[in-house]
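Bear in mind that the values in this text are calculations on the coordinates, not laboratory data. Since the structure is predicted, the reported quantities are computational estimates derived from the model, not experimental observations. Backbone-built Cβ (ideal geometry, glycine too); neighbour counts: all protein chains shown.
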Amino acid sequence: MSTQVDLEIREQPDAIARTLAGARDAVAGLAGEVKHRGVEWVMIAARGTSDHAAVYATYLLAAFNGLPVALATPSLYTWYRQSPKLGNALVIGISQSGQSEDIVEVLAEAKRQGAVTAAVTNEPGSPLSASVDHVLPLGAGPERAVAATKTYTSTLAVLALLSAELEGDAERLGWLDRLPVLVADTIERCTEPAQAAARVHAGMDRCVILSRGFNYATALEIALKMKELAYVTTVPYSSADFMHGPVAILEPGYPVLLVAPSGELAPQLAALVPGLRARGAELIAIGNTGEVLDAAGTRLPIAPALPEWLSPLAAVVPGQMLAAGLAVAKGWDPDHPRGLSKVTITR
């Protein structure tokens, strides 16, 4: 069964390439103002999938650019009317549609306070775009499935481009040029394993997803896709937080999806495997290292040649495919999840 969400998952390499090409000048302009103004911190306003992209940015901009990143609390602006002092900040709004009223209000207030403001959106003519100084356009094209896939990875690509541009690092910019090919490689590697996994795990009704660092955002995003598409009660955790109590929920046969690409945290994530297996967990692994994949009952591989800071753009793909495949295996329509619409307006 070919679905719209499946087609859009496969469109991600092209969407990322278009995004990086189309946003380059806008990103350079924003980076120039950030440097000129001596911006000291970043605040990001987002909801849902976009909020998970913001979590990725908290690691990215802090690790490479020395910029502390905070996630906005939009109800302070729309309901309490008690907006904080934004000071010398870069305030970014992330919204695929650019229509969410609470995100627009955060950015409008930031602009009133004189902060540097930017929007990451797939709709350059949206209300969000009109409320900011800089628009960083996504090149994802129309996304017809309700669940966001190509807009999510395109958003990560823009954030990665901004970080590399702020740092002025030629090697990181070169990795971004290679990114569409690496995501295409991941799609080729993981399509059949993800489809097989969906058939094997068709009875799944609960799952824990674990990762850490840059891929904590990946755990959050895959968990959302599992809930949206396959109606699986899925709880994402930082692996460190999981060991501080939630690990008690594990029992024989409990599915655990471990997102563990190569990088600084790979050994720490691999060290979880014996304990998970000892508790009888049914281990599903996303990664590109033999140690974790070899230990898992279900293996979802990604491209091997990926630096950790870019791995979330590939690691999310098998999770997207698994969620969509589970929906089909359970007899659901992944293009039209129950109770959801493409654009969600919150205030």
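Once a ≥ b ≥ c are taken as the square roots of the eigenvalues of the Cα gyration tensor of the range 120-200, is the result rounded (a/c under 1.5), prolate (a/b larger than b/c) or oblate (a/b not larger than b/c)?
oblate
Take the alpha carbon gyration tensor of the range 44-88, find the square roots of its eigenvalues, order them as a ≥ b ≥ c, and report rounded if a/c is under 1.5; if not, report prolate when a/b exceeds b/c, else oblate.
In terms of gyration-tensor shape, oblate.
Name the long-range amide H neighbours of A70: under 5 Å, sequence gap of 5 or more, or other chain; modelled H, no Pro or chain starts.
V42, M43, I44
Given the peptides 240-247, 328-335, 142-149, 54-61, arrange them by the average over their residues of other C-beta atoms within 10 Å, most packed first.
Highest mean packing first, the order is 54-61, 142-149, 328-335, 240-247.
Among (1) 22.4, 69; (2) 19.9, 62; (3) 19.4, 56, find the value of Rg and Dmax of the Cα atoms in Å that was calculated from the structure presented, and write down its label.
Looking at Rg and Dmax of the Cα atoms in Å for this model, the match is (3).
Taking Cα centroids, how far is the range 2-68 from the range 191-206 in Å?
The distance from the Cα centre of the range 2-68 to that of the range 191-206 comes to 30 Å.
If amide H atoms are built 1.01 Å from N in the plane of the peptide, which residues on other chains or at least 5 residues away come under 5 Å of the amide H of R212?
Close amide H contacts, sequence-distant or interchain: S239.
Can you tell me how the range 4-168 classifies by the Cα gyration tensor, rounded, prolate or oblate, using a/c under 1.5 as the rounded cut?
Because a/c hits 1.5 or more and a/b fails to exceed b/c, the range 4-168 counts as oblate.
In deg cm²/dmol and to the nearest 500, what is the mean residue ellipticity at 222 nm of the chain if only DSSP H runs of at least 4 residues count, each as -39500 (n - 2.57), divided by the residue total?
Theoretical 222 nm ellipticity from helices: -15500 deg cm²/dmol.
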